[in-house]
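Since the structure comes first, as structure tokens, the remarks are kept for the end.
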Amino acid sequence: MRTKVVAGNWKMNNDINSSVTLINEIKKGLNQKNINVKVIICPPFTSLETAYALIKETPIKLGAQNMYFEKSGAFTGEISPLMLKSVGCEYVILGHSERRTIFMESNQLINKKIKAAISNGLNPIFCIGETLEEREAGKTFNVVETQIREGLANLSEQELSNLIIAYEPVWAIGTGRNATPEQAEEVHKFIRDLIANLYSKEFAEKLIIQYGGSVKPENSKDLMSQPDIDGALVGGACLNAESFIKIIESAQ
Ligand code: 13P
């Protein structure tokens, strides 16, 4: 049995004050609840250190939303894996569709970032997913397969042992229009079968594959009760403690 993993991607939201408020509300809401779900929060860079101080004595884990692949140097405006480690991050979201489309990140760049994360002891949450145009053209499986083959190129099963994949159909992100549980499950199953082919069945069976895209308390249970959906990567709904906690509870 895979333990469900629910991660909150805060995106470019919350300054220090509102980060502290949100984290305290999440902590309060989860306190004394015996929940067998792994919870990760991914605040913006500026709130990471403060967030870590607030969650380090709790089971909640910390992730960043992006990083560069170099260790240090003349890369103005970038953040390295070691910097993320130094403020308490265990996870890093890589290849998010907003990075791919707004910041022109390619599968090749994402591959370098995944390698750098792993070699520095950070666990990647690797995002993939098709656009509406690609889905309507019947290209969903092709797109997802290319993203996986190129994003994970030259990485061994052993190196990927703590990998999380997040399937986030671009048309479902921030639109209020989630994939139906059947649509999501179809792609999750495809991803797991592909991973079994590229690596091994044992590895594919252990791999956490999250769904992301308009996850809310009203749809999270149906999505996460599908056999190959192992949790959620939540955007908008994680900015409200009550709805984030409801999503976490529904993962049980
Ligand atoms: P929404 O939940 O706001 O659709 O965002 C999903 C997402 O992009 C998480 O990474």
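The values are calculated or read from the model by the stated rules, or taken from the named source; none is laboratory data. Predicted, not measured: the structure shown is a model, and the values here were computed from it. Methodologically, a virtual Cβ is constructed for each residue, glycine included, from the backbone with ideal geometry; neighbour enumeration extends over all protein chains shown. Protein only, heavy atoms only, side chains kept; ligands, DNA and RNA dropped before computing areas. Shrake-Rupley method; radii C 1.70, N 1.55, O 1.52, S 1.80 Å.
Number of residues in the stretch 79-99 that are outside any helix (DSSP H, G or I), in contact with a strand residue (DSSP E or B) (Cβ under 7 Å, 6 or more places away or on another chain) and open to solvent by less than 20 Å² (accessible area, probe 1.4 Å): the value is 8. Criterion applied to TYR199, TYR211 was being aromatic (Phe, Trp, Tyr) and under 17 Å from the mean Cα position of the chain (by Cα), and the one residue passing it is TYR211. Would you call THR180 open to solvent by 60 Å² or more (accessible area, probe 1.4 Å) and β-branched (Val, Ile, Thr)? So THR180 fails the test. Go through the residues of the stretch 8-31 one by one and say whether even a single one is within 22 Å of the chain's Cα centre (by Cα), assigned to a loop (DSSP other than H, G, I, E, B), touching a residue at least 24 places away in the same chain (Cβ under 8 Å) and more than 23 Å from GLU98 (Cα to Cα). So far as the stretch 8-31 goes, no, none of its residues is within 22 Å of the chain's Cα centre (by Cα), assigned to a loop (DSSP other than H, G, I, E, B), touching a residue at least 24 places away in the same chain (Cβ under 8 Å) and more than 23 Å from GLU98 (Cα to Cα).
Considered as a group, the residues in the stretch 1-60 that are open to solvent by 30 Å² or more (accessible area, probe 1.4 Å) and of a type in the set (Val, Ile, Thr) include one that is modelled with the lowest pLDDT, and that residue is ILE35.
Every residue, every condition in (1) more than 18 Å from the chain's Cα centre (by Cα); (2) free of Cβ contacts under 8 Å to residues at least 40 places away in the same chain, yes or no:
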{"site": "GLU136", "(1), (2)": "yes, yes"}
{"site": "THR140", "(1), (2)": "yes, no"}
{"site": "GLY176", "(1), (2)": "yes, yes"}
{"site": "LYS206", "(1), (2)": "no, no"}
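Within the stretch 32-43, take every residue that is in a loop (DSSP other than H, G, I, E, B) and not polar (S, T, N, Q) and give me the one that is nearest to GLY88 (Cα to Cα). The selected residue is PRO43. Scan the stretch 100-115 for residues that are more than 16 Å from LEU160 (Cβ to Cβ), open to solvent by 100 Å² or more (accessible area, probe 1.4 Å) and part of a helix (DSSP H, G or I) and the total you get is 2.
The residue that is nearest to VAL37 (Cα to Cα), among those in the stretch 212-244 that are β-branched (Val, Ile, Thr) and near the ligand (Cβ under 10 Å from one of its atoms), is VAL234. Of the residues making up the stretch 150-180, just one is among the acidic types (Asp, Glu) and within 16 Å of the ligand (Cβ to nearest atom), namely GLU168.
Only one of the numbered conditions (1) charged (D, E, K, R); (2) at pLDDT 95 or above; (3) open to solvent by 60 Å² or more (accessible area, probe 1.4 Å) is not met by GLU185, and that is (3).
Please go through the stretch 117-152 and give me each residue that is among the small types (Gly, Ala, Ser), closer than 19 Å to ILE208 by Cα and open to solvent by 30 Å² or more (accessible area, probe 1.4 Å), ordered by number. Passing the criteria: only GLY121. ASN66 fulfils the conditions (1) within 16 Å of the ligand (Cβ to nearest atom); (2) at pLDDT below 95; (3) polar (S, T, N, Q) except for a single criterion, (2).
Looking across GLY231, GLY236, one residue alone is under 15 Å from the mean Cα position of the chain (by Cα) and open to solvent by less than 40 Å² (accessible area, probe 1.4 Å). It is GLY231. If I ask for residues that are out of contact with any strand residue (DSSP E or B) (no Cβ under 6 Å at 6 or more places or on another chain) and more than 19 Å from SER250 (Cβ to Cβ), which ones from the stretch 29-50 would you list? Within the stretch 29-50, PRO43, PRO44, PHE45, THR46, SER47, LEU48, GLU49, THR50 meet the criteria. ASN197 fulfils the conditions (1) within 21 Å of HIS96 (Cβ to Cβ); (2) more than 16 Å from the ligand (Cβ to nearest atom) except for a single criterion, (1).
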